[in-house]
Amino acid sequence: MLGAMTTSRREKAEVLGAALKAARQQAGLGMEEVAERLEIPVEVLARVERGVMVPTISTLTRLCVILKLDPDTLPELPEMTD
């Protein structure tokens, strides 16, 4: 019998991206404003929110500060680098 299937890195990235997008929207912030505060292109933030790209630890930390988001409330994270 097979063990429990693990969630793929891509699926984790998609769940994380959706959580970050929801937090941004709940904070009433636009993508352009958040990207500007992060000093990253809007396209990069869009890719993170779609789960196509995983943010670096430093970018994720800054996102949490901007969105007033407790990192402990984030879903299980994919492997990340800084």
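The values are calculated or read from the model by the stated rules, or taken from the named source; none is laboratory data. What you see is a predicted model; the values in this text were computed from it and never measured. Glycine also receives a Cβ, built like all others from the backbone with ideal geometry; neighbour counts cover every protein chain displayed.
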Would you point out which residue out of Met1, Met80 is modelled with pLDDT under 95, hydrophobic (A, V, I, L, M, F, W, C) and loosely packed, with under 11 Cβ neighbours inside 10 Å? Met1
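Of all residues in the range 42-52, which are assigned to a loop (DSSP other than H, G, I, E, B) and surrounded by 15 or more Cβ atoms within 10 Å (Cβ to Cβ)?
Gly51
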Could you list all residues from the range 53-64 that are surrounded by 15 or more Cβ atoms within 10 Å (Cβ to Cβ) and assigned to a helix (DSSP H, G or I)? Thr59, Leu60, Arg62, Leu63, Cys64
Confirm whether Ala13 is touching a Pro at 6+ places or on another chain (Cβ under 8 Å), at pLDDT 95 or above and surrounded by 17 or more Cβ atoms within 10 Å (Cβ to Cβ). no
Pairs under 8 Å by beta carbon, first residue free of Cβ contacts under 8 Å to residues at least 40 places away in the same chain in the range 45-63, partner β-branched (Val, Ile, Thr) and not in a helix (DSSP H, G or I), six or more apart or different chains? Val48/Val54; Thr56/Thr81; Ile57/Thr81; Thr59/Ile40
Return yes when Arg37 is crowded, with 17+ Cβ neighbours inside 10 Å, in a helix (DSSP H, G or I) and modelled with pLDDT of 95 or more and no when it is not. no
Could you tell me whether any residue of the range 26-33 is surrounded by 12 or more Cβ atoms within 10 Å (Cβ to Cβ) and assigned to a helix (DSSP H, G or I)? yes
Only one of (1) of a type in the set (Gly, Ala, Ser); (2) in contact with a Lys or Arg (Cβ under 8 Å, 6 or more places away or on another chain); (3) at positive phi does not apply to Gly28, and that is (2)
